[in-house]
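Taking it in order: structure first as structure tokens, then the write-up.
Every number in this text was worked out from the coordinates using simple rules, so none of it is lab data. Since the structure is predicted, the reported quantities are computational estimates derived from the model, not experimental observations. Neighbour counts run over all protein chains shown; Cβ positions are idealised from the backbone, glycine included.
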Amino acid sequence: MNYRHAFHAGNIGDVLKHAVLARILTYLKAKPAAFRVIDTHAGIGRYDLLEGEARRTGEWQAGIARVLETPRPAAIAELLAPWLDVVAALNAEAGETAASDAPLRFYPGSPLLTRRLLRKQDRLTATELHPSDHATLATLFAGDRQVKAIALDGWLALGSFVPPKERRGLVLIDPPFEATDEFDTLAARLVKAWRRWPTGVYAVWYPIKDRKQVNRFYQRLREGGLAKVMAVEHFAGSAHPDRPMMGSGLVIVNPPYVLRDELQILLPWLTDTLAQGPGADWRLIDLAGE
Ligand code: SAM
């Protein structure tokens, strides 16, 4: 387990993932019934962009920094508000106590973003296998009765916690893609989880470097019989297997009915904002149903 998300916090992949995550949670909050979020590969929850790994790579400068410094038309501002309000609040709070008052220093990973968007009745189960990352995550949520931060294999979590007792909610699957067969594992585990809980919303993030690999992943999901599935792909430039990641995707199972329209508004703006050259593009793909 060499992957540390701190190197990549706030990058173009996080922008796509967290913008969509916040839209799905906003949709779930439209009904009063409680929901649960299961975040299988949670990371540490809060990243300092001006220190350590994130400072060394500076990947966030081509991601969240660009989003914040680019003027946002009203429709975009409205769609991004749930996510960006959390980013702003985190930095405002930190500014009161930390030496730095930089407008962007701290970045919320998926479990912290989720936590900030929960209501009193909602719960988060976050699993992280790396011992020190889990310790950081557990400290972040110490004493929080709405969050369980568990040191557990995310694939086991999928087997153990799905379906949640609320029978309403989201499973976020965001593995590190260190193993060469990660896409195969992902497809197999997702299909298995969906069979046990076919009405849950699932969001699965993946890097797009090798088109063949991604198409094979889509094919395996189709063959798995999943009923309603869409994929959203975003590219800051041309993808290539041997170059740094320029694009990523999210497969969303049982997407909220409003999500397609929202993404059709959001993705052109995000693509322009994050473009790094030829190949900047986006796509929505119906993998099954609808
Ligand atoms: N979801 C996080 C976010 O958006 O802020 C980022 C997660 S990062 C891409 C993947 C995380 O999975 C890393 O923190 C890594 O330590 C952890 N990890 C790796 N293998 C795991 C496993 N089998 N089960 C749970 N976590 C794992």
Residue list for the stretch 136-175, restricted to those being farther than 13 Å from D39 by Cα and either in contact (Cβ under 8 Å) with a residue 40 or more places away in the chain or touching an Asp or Glu at 6+ places or on another chain (Cβ under 9 Å) (or both) | T136, A138, L140, F141, Q146, K165, E166, R168
Restricting the stretch 31-52 to residues that are aliphatic (A, V, I, L, M) and free of Cβ contacts under 8 Å to residues at least 60 places away in the same chain, the residue that is farthest from the ligand (Cβ to nearest atom) = L50
Within the stretch 190-209, can one find any residue that is surrounded by 14 or more Cβ atoms within 10 Å (Cβ to Cβ), in contact with a helix residue (DSSP H, G or I) (Cβ under 6 Å, 6 or more places away or on another chain) and of a type in the set (K, R)?
-> no
When you go through D144, D133 one by one, which is the residue that is within 12 Å of the ligand (Cβ to nearest atom), of a type in the set (D, E) and out of contact with any Ser or Thr (no Cβ under 9 Å at 6 or more places or on another chain)?
-> D133
Which fully enclosed strands (runs of 3 or more DSSP E) of the stretch 171-290 have 2 or more residues being over 25 Å from Y3 (Cβ atoms)?
-> 229-235, 281-288
Cβ pairs under 7 Å, 6+ apart or interchain, first in the stretch 258-275 and within 15 Å of G63 (Cβ to Cβ), second of a type outside the set (A, V, I, L, M) and assigned to a helix (DSSP H, G or I), ordered by first then second residue, are T273/R66; L274/R66
Name every residue in the stretch 122-167 that is in a loop (DSSP other than H, G, I, E, B) and crowded, with 17+ Cβ neighbours inside 10 Å, in order of residue number.
-> D122, E128, L129, H130, F141, L152, V162, P163, P164
Residues in the stretch 1-30 that are away from the ligand (no atom under 16 Å from the Cβ) and either touching a residue at least 40 places away in the same chain (Cβ under 8 Å) or not in a loop (DSSP other than H, G, I, E, B) (or both) total 4
Which of the following residues is under 20 Å from Q146 (Cα atoms), part of a loop (DSSP other than H, G, I, E, B) and basic (K, R): R119, R115?
-> R119
